[in-house]
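Let me begin by presenting the structure, written as structure tokens, before commenting on it.
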Amino acid sequence: MSLDTPIAELVEFISAAQFAYHTDAQLGELSYDNKIHQHQKLNGPVYMSKKKRKFYDNEMRKLQKQRKYLEKQPMDHDNEIVHLPNPMVGFGVPNQPSPVLFQRRIPDEAEGRPYFYFENVALAPKGVWHTMSRFLYYIDPEFVDSKFFCAAARKRGYIHNLPIENRSQLLPTPPSTIHEALPHTKQYWPSWDKRMQLNCILTCIGSAKLTDRIKKAVEKSGDEPLPGVKKYVIQQCKKWNLIWVGKNKVAPLEPHEMEMLMGFPPNHTRGGGISRTEQYTVLGNAFQVDTVAYHLSVLKRMFPDGISVLSLFSGIGGAEVALHRLGIPLRNVVSVEISETCRKILQSWWDETNQQGKLIHFHDIRMVTAHELEKCMSTFGGFDLIIGGSPCNNLAGGNRSTRNGLEGSKSCLFFEYYRIIELVRSMMRHR
Ligand code: SAH
């Protein structure tokens, strides 16, 4: 770093050091001092102006304080378990009794603009939510099941610094039961299948072999299957979200049915060379739009003229669709998404909905530098919202082989979310 090092790069350096420290604590890699030493060895000593030095010293003091504080935290394993509420209504959902008294605590350094909103699967391995919350200013996650918003369950945790008063729902509210959402299934639905709502929409679907096996088993048993058959069929239907589409005939959801359940416009993921398998993957990873929109609805009164968004891990644009459906103009969206398929889907939605703002794509979050972000921010005056859910591949219950928590090759990208959020917030504080 030289005398001319832009402030953003300094912040990135500090942030990288801080990141290194945190990952050290987490993963037992290089120590903090080693990391700085290494950095100086590679980049030469850090020369800077008095002003920059003061800023740098201040940041370092803060980091050291934070480090000492974290070191003093007792390793109490009970503390690491974040208890999931039952029912999973977060800080409240429409038409349900308010949750028992909770205390919402947002530390001063996490208050205000840029607002941030982070999402991931609620049922992550032990300690994961505790760690994510520790990195995101110790804010308590809000755990919400989307079954309170639509006809399918989706248990997710959200860490954010948004106000929680006077939230409003997207209108029209979506159907809340299977039969309302998928009326064509009603005539074939056997009375012994008591499901009113679907399970979580996943990235893969039940096989043709399975649906054939179920058809044969039910057909063989005549009008009233034996309890053992019923049990097997219901178990498989629940596991794979199968619906009744003909006499004794079950099938997986169609992509357009998933789009509807997840709150996306019809054909959102269809066409443009996108395969059905890809549609299932991207829909299974997406936000449930009505749920997220409920939380984001408070932004409407704060940003009546529109919003500048840094959308991390954008996927098929759950955040963008939610903001648009809330009637919040998207002035600028910087989207970071590695999948070309997802970028195409977001871009065609953007074009089709005649967005007046600017959409900028970045690919790999690991390559996004402070310099690039600062360039974007100076063009449109900082970000109002940083939003995203980092990949849950190594966290989700469905993944038995590589469910290795935040150390997993995909889920460790959470630390990139953290890096970017710290970077942007620091840069905006020092603009
Ligand atoms: N909230 C999104 C889905 C998030 S799933 C939605 O509503 O659709 C996580 C996303 O992170 C996936 O789309 C995946 O392609 C993307 N991703 C994975 N690795 C990435 C990386 N290194 N940089 C940017 N995006 C990445």
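Only the coordinates and a few stated rules stand behind these numbers; no lab work does. These numbers were taken from a predicted model, which means no experiment stands behind them. Virtual Cβ from ideal backbone geometry, glycine too; neighbours counted across all protein chains shown.
A few remarks follow.
- Label point distance in nm, K231-Q197, each placed 7 Å from Cα along Cα→Cβ: 2.6 nm
- 14 Å cut-off, amide nitrogen to a point 7 angstrom out along T177 Cα→Cβ, residues in the stretch 186-204: 186-187, 189-198
- Calculated FRET value between W189 and R104, using beta carbons and R₀ = 41 Å, to 0.05: 0.50
- The stretch 240-297 shape via C-alpha gyration tensor axes, a/c threshold 1.5: oblate
- Highest average packing first - 109-116, 347-354, Cβ atoms within 10 Å: 109-116, 347-354
- Neighbour net charge for T291 - beta-carbon separation under 14 angstrom, K R +1, D E -1: +2
- Compactness check for the stretch 205-336: Cα Rg over 2.2 N^0.38 Å is 1.41.
- Amide N of the stretch 177-192 lying under 14 Å from the label point, which is placed 7 angstrom from the Cα of E224 along Cα→Cβ: 191-192
- Low-density loop positions, trypsin sites (Lys or Arg not before Pro), the stretch 175-263 - DSSP coil, at most 12 other Cβ in 10 Å: K194, K247
- For the stretch 285-431, the fraction of alpha-carbon pairs in successive 10 Å shells from zero, as %: 11, 39, 37, 11, 1
- Counting charges near R105 (Lys, Arg +1; Asp, Glu -1) among other residues having Cβ under 12 Å from its Cβ returns a value of -2.
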